[in-house]
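J.: Quick one: the structure is below, questions incoming.
Computed from the coordinates by the stated procedures, all read-outs in this text should not be read as laboratory data. Nothing here was measured: the structure is a model prediction, and the numbers come from that model. With ideal geometry, Cβ positions are generated from the backbone for all residues, glycine too; neighbour counts draw on all protein chains shown.
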Amino acid sequence: MRIIRAADCLVMPWKNGGGTTTEIAVAPEGASFNDFDWRISMAHVGQDGPFSSFPGIDRTLSVLTGAGITLAFGDGERVRLDRASTPYPFAADRTVDGILVDGAIDDLNVMSRRGRWRHRVERISDAGSLATSEGLLVLVARRGDWLVNGAAIAAGDSAVLDAPGRVDLMASDGEAELYAVRLTIEARGTLS
């Protein structure tokens, strides 16, 4: 297991000045936006605007703080996401504008390259165990303190675990929350 501390994550301002991105993990390590296999980040979104297009990428968005965001897709579909919403998957090459519901939000953004990796995101708010059968499991602590197989992670920290195996989770209190990101390989020979 590898622990990623919040203080060690790189925070980058957006070119348009509308927010910032905090990179949690990317594969291969040091990959750019053009050549990553998968990427996990958090964003602070301060104004309405278009999402960047990532051809060949699947994305899942989860609202962490704030009143929420409406995703207005180019084909007319509209989806409103807030703190209570299930993590929302969509193709990152769809044209979409983000419209803030009532002020800034923070979100968790998971992306994987179609045909190489796939991902699934779930929100967890109680102790228990997770079974992992393949790929990687990345746990992103959002609130509270957690024990992951006995190792402590605090809000903002993450843990990267190789599968297969069982992961035991203990939460500090009833307000604790983390996100489990399961990453699995689709194509052999492209491990990063």
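J.: For Cα pairs less than 8 Å apart in space and 6+ apart in sequence, what is the mean separation divided by the residue count of the chain, i.e. the relative contact order in percent?
T.: Values: 500 pairs, mean separation 42.1, N = 192.
For the chain, the relative contact order is 22 percent.
J.: Neighbour counts of other C-beta atoms within 10 Å: give me Ile69, Ile3, Ile185 arranged from fewest to most.
T.: Neighbour counts put them in this order, fewest first: Ile3, Ile185, Ile69.
J.: If we restrict to alpha carbons, what Rg and Dmax does region 1-110 come to, in Å?
T.: Answer for region 1-110, Rg first and Dmax second: 13.8, 43 Å.
J.: Treating the Cα atoms of region 117-185 as identical point scatterers in vacuum, please give the log10 of the normalised Debye intensity I(q)/I(0) at q = 0.11, 0.16, 0.20 Å⁻¹, two decimals.
T.: Values returned for q = 0.11, 0.16, 0.20 Å⁻¹ are -0.22, -0.46, -0.72.
J.: With springs connecting C-alpha atoms under 10 Å apart, model the chain as a Gaussian network and identify which of Ala127, Ala151, Ala104 has the largest mean-square fluctuation.
T.: Ala151
J.: Order of Arg143, Arg120, Arg5 from fewest to most other C-beta atoms within 10 Å?
T.: Placing the least packed residue first, the sequence is Arg5, Arg120, Arg143.
J.: Moving on to the next point. Quick one: putting +1 on the C-beta of Lys and Arg, -1 on the C-beta of Asp and Glu, what dipole do you get for region 1-51 around its Cα centre, in Debye to the nearest 20?
T.: Charge dipole, region 1-51, about its Cα centre: 120 debye, nearest 20.
J.: Where the only charges are on Cβ atoms (+1 Lys, Arg; -1 Asp, Glu), what is the dipole of region 9-113 about its Cα centre, to the nearest 20 debye?
T.: Approximately 60 debye in magnitude.
J.: For the chain, give the magnitude of the charge dipole about the Cα centre (Cβ charges: +1 Lys/Arg, -1 Asp/Glu; no others), in debye to the nearest 20.
T.: The dipole of the chain has a size of about 440 debye.
J.: Taking a quarter of the surface of the Cα convex hull of the chain, what do you get in nm²?
T.: The Cα convex hull of the chain, projected and averaged over all directions, gives 10.5 nm².
J.: So, one more: Just want the ordering: Val101, Val167, from fewest to most Cβ atoms lying within 10 Å of their own Cβ.
T.: Lowest to highest Cβ neighbour count: Val101, Val167.
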